[in-house]
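Shown below is the structure under consideration.
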Amino acid sequence: MVGRVWNSRGTKKDEWFRPELNFQFKSQTSLSGGYLWSNELFGGEEINGIERWDIHLNTRPVQVFDLYANYEQGKFVARNADPPRLGDGKGFSTGVTIQPVSRFSIEPSWRWQRLEDMDTGGTDTPGFFEGWITRVRMNLQFTRQFFLRLIYQYNDFSSGYDLEPLLTYRINPFTVFYVGSAHRWTDFEEDFSDFGIEETERQYFAKFQVLFNN
């Protein structure tokens, strides 16, 4: 795959070359990987020499279990650094979908990322980081009309916990009613030992959707 992007003023913003390999095995298992060479104009800085490789695994050995895992490593753009520049990066993510019955599924996942300053080899410089995010999504179909989705997430980058329940009532194929909420808790213990974990955001919402078919 080869690509090049210009903006409306004719300035080249991005160009890349990416060869890929894909393999298909038994038990609905696939393995793919690729390598990326890229040059990019970001934040007024021309960043050349972006190179990284990645590998992806997907498998479904049994009907009720689906697993994926991804890994990537190489040179990434530290977009929040001043000025933006290349860093040494690594990332790993994995997750499963477990569906013991047709009306219920649970999907836990985990992602870790690290971007190092190439000058210091550390992550303390602004724009460089290391952290992880874990997330669990649950889907439950009570009846043909009622559907519940529940998402829980912990973000190690911001020390934040999120909980998002959503209930859907499908009146007919063209009319749906949603009601839900979003909650966030932040762990202040590292910065303010007297606070601990406090709820910092709370939101409730409802939505009524009607589709008109001409």
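If you average 1/r over all unlike Cα pairs in the stretch 1-101 and invert the result, what Kirkwood radius do you get in angstrom?
Its Kirkwood hydrodynamic radius stands at 15.9 Å.
Rounded to the nearest 10 Å², what accessible area does W185 show when all protein chains are kept and the probe is 1.4 Å?
For W185, solvent-accessible area is about 80 Å².
List every residue whose amide H lies under 5 Å from the amide H of F128, counting only residues 5 or more places away in sequence or on a different chain, with H placed 1.01 Å from N in the peptide plane.
Those qualifying (amide H under 5 Å, at least 5 residues apart or on another chain) number zero.
Same structure, new question: Report the FRET efficiency, 1/(1 + (r/R0)^6), for L150 and K26, where r is their Cβ-Cβ distance and R0 is 41 Å, rounded to 0.05.
0.75
For the chain, with all protein chains present and a 1.4 Å probe, just round the carbon and sulfur fraction of the accessible area to a whole percent.
Working: 7690 of 14190 Å².
For the chain, the apolar C and S fraction of the accessible surface comes to 54 percent.
How far apart, in nm, are the 7 Å Cα→Cβ label points at F212 and Y35?
The modelled label-to-label distance comes out at 5.7 nm.
Given H placed on each backbone N at 1.01 Å, which residues far from E189 in sequence or on other chains put an amide H within less than 5 Å of it?
Amide H neighbours of E189, under 5 Å, 5+ apart: G196.
So between D119 and M138, what do we pick up on full extension, going 0.36 nm a residue minus the alpha carbon distance? Spell out each step's value before the answer.
Details: separation 19, 0.36 × 19 = 6.84 nm, distance 4.29 nm.
Value of the extension gain: 2.5 nm.
So what does the Cα-only Debye profile of the stretch 68-170 read at q = 0.12, 0.16, 0.23 Å⁻¹, as log10 I(q)/I(0), no solvent term?
With no solvent term, the Cα-only Debye profile gives -0.56, -0.78, -1.14.
Averaged per residue, what accessible area in Å² does the chain show with a 1.4 Å probe, protein chains only?
Computed with neighbouring chains in place, this is 66 Å² per residue.
In Å, the Kirkwood hydrodynamic radius of the chain over pairs of distinct alpha carbons?
Hydrodynamic radius (Kirkwood, Cα pairs) of the chain is 21.1 Å.
Also: Testing the spin-label approximation: label points 7 Å from Cα along Cα→Cβ at V2 and Q63. State their distance in nm.
Result for the modelled spin labels: 4.7 nm.
Quick check: residue separation of F177 and D14 times 0.36 nm, minus the Cα distance between them. What number comes out in nm?
Net length gain for the segment: 54.4 nm.
Whole angstrom only: what separates the Cα centroid of the stretch 1-69 from the Cα centroid of the stretch 163-189?
Measuring centre to centre over Cα atoms gives 33 Å.
Taking 0.36 nm per residue of sequence separation and subtracting the Cα-Cα distance, how much length would be gained by fully extending the chain between F42 and Q99, in nm to one decimal?
Separation in residues times 0.36 nm, less the Cα-Cα distance, equals 16.3 nm.
Here's a follow-up. Nearest 0.05, what FRET efficiency do E189 and Y71 give at R0 = 45 Å with Cβ-Cβ as r?
0.90
When a/c is below 1.5 the answer is rounded, else prolate if a/b is larger than b/c, else oblate, so apply that to the stretch 126-214 with a ≥ b ≥ c taken from the square roots of the Cα gyration tensor eigenvalues.
prolate
The values are calculated or read from the model by the stated rules, or taken from the named source; none is laboratory data. The structure presented is a predicted model; accordingly, all values stated were derived computationally and were not measured. So basically every Cβ, Gly included, is an ideal-geometry build from the backbone, and we count neighbours across all protein chains shown. Surface areas here come from the heavy atoms of the whole protein model, side chains and all, with no ligands, DNA or RNA. Shrake-Rupley method; radii C 1.70, N 1.55, O 1.52, S 1.80 Å.
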